[in-house]
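So the structure is just underneath, and the comments pick up after that.
The values are calculated or read from the model by the stated rules, or taken from the named source; none is laboratory data. From a predicted model like this one, the values you see are computed outputs, not experimental measurements. Counting neighbours? That spans all protein chains shown, and the Cβs are built from the backbone with ideal geometry, glycine included. Only protein heavy atoms, including side chains, enter the accessible area calculation; ligands, DNA and RNA are left aside. Shrake-Rupley method; radii C 1.70, N 1.55, O 1.52, S 1.80 Å.
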Amino acid sequence: MTPAIAIIGAGPSGLLLARLLRYLGDIPSTIFELDPSSSARGQGGSLDIHKETGQCALEAAGLSSEFQKYMRSEADHLRLTDKTGFIHIDEETPGEGRPEIDRTQLRQLLIDSVPAKSIEWASKVTSVQPTPDGRFQVILANGSQDPRRFDFVVGADGAWSRVRPLVTDVLPFYSGISGMEVRFRDVDTTHPEISKLVGQGSYFCLSDEKAYFAQRQGDGSIRNYAMLRAPENWIDECGIDFSNPQAAKAALVERYFDDWSEANKDLVRLADDDHLIARQLLMLPVDHRWTSRPGVTLMGDAAHLMTPFAGEGVNNAMVDALELAEKMVAALRDGSAGTMQENLAKAVKEYEEGMFARIQRVAHDTLEGLGVIFTKNAPLEFKEMMERLRAGGHDL
Ligand SMILES: Cc1cc2nc3c(=O)[nH]c(=O)nc-3n(C[C@H](O)[C@H](O)[C@H](O)COP(=O)(O)OP(=O)(O)OC[C@H]3O[C@@H](n4cnc5c(N)ncnc54)[C@H](O)[C@@H]3O)c2cc1C
């Protein structure tokens, strides 16, 4: 018997799980996604997909060749500077296993890998309710109760998961880091000096507990995240009018980056006026875990939201999908004693135990990354951490 499976969220983890269940076990699922369509919303910047995690999960899903069509190995380049413009690291490392892919392309290739009818767009889930027969019902934002009953529900719906309350009361909290995202479209023609400064990969500039993370995108544009340590209410109370891009860029530079080199200041103040996002970074506790509950689990940011400072979020979200799919497929093929629900519950518990142990290490490294980036001694501590991780065999 095949269980009725609902996946909440068509992000990288939810889509990859749906693909893997079909690809490995011919198991169908229904994905509920709040976006009205695949193109309704820009998906944000570029992601580096690591060989040993994200690429491995895509390969297991039969998606390596699709990934290779869009990946950019030349983007595997890091330039690390400080506020004066002094270059601490300038490494061309293509082929070392961390090619970049634009988030929109990754999502689209995953959408194309599942049957179109399995994604229910414009379906914002407000909660998932247990039913008296031990199954689950999905409640949608338009007030409608989806009449279907699901045997198994997976929360792949990101930071503010509506599935998480079924297993824990824990909520994301503020990481202490806020800032602003800006973009340069057609940068080679409009701002060749910015193009040269950033190069083809990532440009990190770290000083005085502040940071720029600028990245080349697949369409040739550059995105820069200017981030700093700030109080939780900084976006509302710092006095910068983020609805007025020109004023916001000037104010941010004047107040927080005034002693940075002119070239670095330009990396905010010359950015396009039609793209400015104030950002506040949230996280779940490093040791976040819950007591397993039959019929429900979480993946990706819903399970282990972390700051992006080790570039692990999406990679581990995809490993979650792989490990969960493998265990579910094995459990549903298991001809030994036990009902389908019992076998599934055992498989999910095993997935969760493995995921908790893996994520605890990653979340710890990410927190350490935040500490060495937003410190007074920033470029040097960050460089030392990279060298230490490499000496320990990490592929950076
Ligand atoms: C600024 C920034 C930069 C980052 N950079 C990197 C990086 O370089 N490398 C890296 O590995 N990670 C990075 N991350 C983290 C990475 O984006 C996430 O870890 C990853 O997207 C998690 O995937 P997910 O599928 O779990 O969740 P998401 O990508 O959040 O997808 C969740 C999906 O669920 C949908 N959804 C949400 N709520 C509902 C609802 N109520 N009903 C229905 N659908 C819903 C959403 O619309 C979305 O499609 C970054 C994050 C940020 C904020």
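Results, tabulated for the structure shown:
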| item | result |
| --- | --- |
| Subset tally (residues that are within 14 Å of the ligand (Cβ to nearest atom) and either surrounded by 17 or more Cβ atoms within 10 Å (Cβ to Cβ) or without any contact (Cβ under 8 Å) to a residue 40 or more places away in the chain (or both)) for segment 151-170 | 13 |
| Selected residue [in contact with a Ser or Thr (Cβ under 6 Å, 6 or more places away or on another chain) and either at pLDDT 90 or above or at positive phi (or both)] from Asp82, Asp90 | Asp82 |
| Pair list, Cβ < 8 Å and 6+ apart or interchain, from segment 289-304 residues that are assigned to a helix (DSSP H, G or I) to residues that are acidic (Asp, Glu) and within 16 Å of the ligand (Cβ to nearest atom) | Gly300/Asp320; Ala302/Asp157; Ala303/Asp320 |
| Segment 317-349, residues that are surrounded by fewer than 16 Cβ atoms within 10 Å (Cβ to Cβ) and closer than 30 Å to Leu47 by Cβ | Ala330 |
| Per-region count, segment 232-279, residues over 17 Å from Leu197 (Cα atoms) and touching a Ser or Thr at 6+ places or on another chain (Cβ under 8 Å) | 4 |
| Leading residue by the ranking (nearest to Leu370 (Cα to Cα)) among those in segment 225-246 that are touching a strand residue (DSSP E or B) at 6+ places or on another chain (Cβ under 7 Å) and in a loop (DSSP other than H, G, I, E, B) | Ala230 |
| One residue from Gly97, Gly44 being away from the ligand (no atom under 12 Å from the Cβ), within 19 Å of the chain's Cα centre (by Cα), modelled with pLDDT under 95 and in a loop (DSSP other than H, G, I, E, B) | Gly97 |
| Subset of segment 280-313 (residues that are farther than 17 Å from Asp169 by Cβ, more than 7 Å from the ligand (Cβ to nearest atom) and out of contact with any Ser or Thr (no Cβ under 7 Å at 6 or more places or on another chain)) | Val286, Pro294, Gly295 |
| Number of the exception - Lys69 against (1) more than 19 Å from the chain's Cα centre (by Cα); (2) closer than 25 Å to Ala226 by Cβ; (3) open to solvent by 40 Å² or more (accessible area, probe 1.4 Å) | (2) |
| Output for segment 294-312, where each listed residue is open to solvent by less than 50 Å² (accessible area, probe 1.4 Å), modelled with pLDDT of 95 or more and within 18 Å of Gly354 (Cβ to Cβ) | Val296, Thr297, Leu298, Met299, Gly300, Ala302, Ala303, His304, Met306 |
| Conditions (1) at pLDDT 90 or above; (2) under 20 Å from the mean Cα position of the chain (by Cα); number of the one not met by Asp395 | (1) |
| From the options Glu381, Glu350, residue that is within 25 Å of the chain's Cα centre (by Cα), away from the ligand (no atom under 16 Å from the Cβ), closer than 30 Å to Asp133 by Cβ and without any contact (Cβ under 8 Å) to a residue 40 or more places away in the chain | Glu350 |
| Residue under evaluation Gly218, criteria (1) more than 15 Å from the ligand (Cβ to nearest atom); (2) open to solvent by 10 Å² or more (accessible area, probe 1.4 Å); (3) out of contact with any Ser or Thr (no Cβ under 6 Å at 6 or more places or on another chain); (4) more than 30 Å from Ser29 (Cα to Cα), criterion not met | (1) |
| The listed residue being outside any strand (DSSP E or B), crowded, with 17+ Cβ neighbours inside 10 Å, within 12 Å of the ligand (Cβ to nearest atom) and in contact (Cβ under 8 Å) with a residue 40 or more places away in the chain, out of Leu24, Leu58, Leu17 | Leu17 |
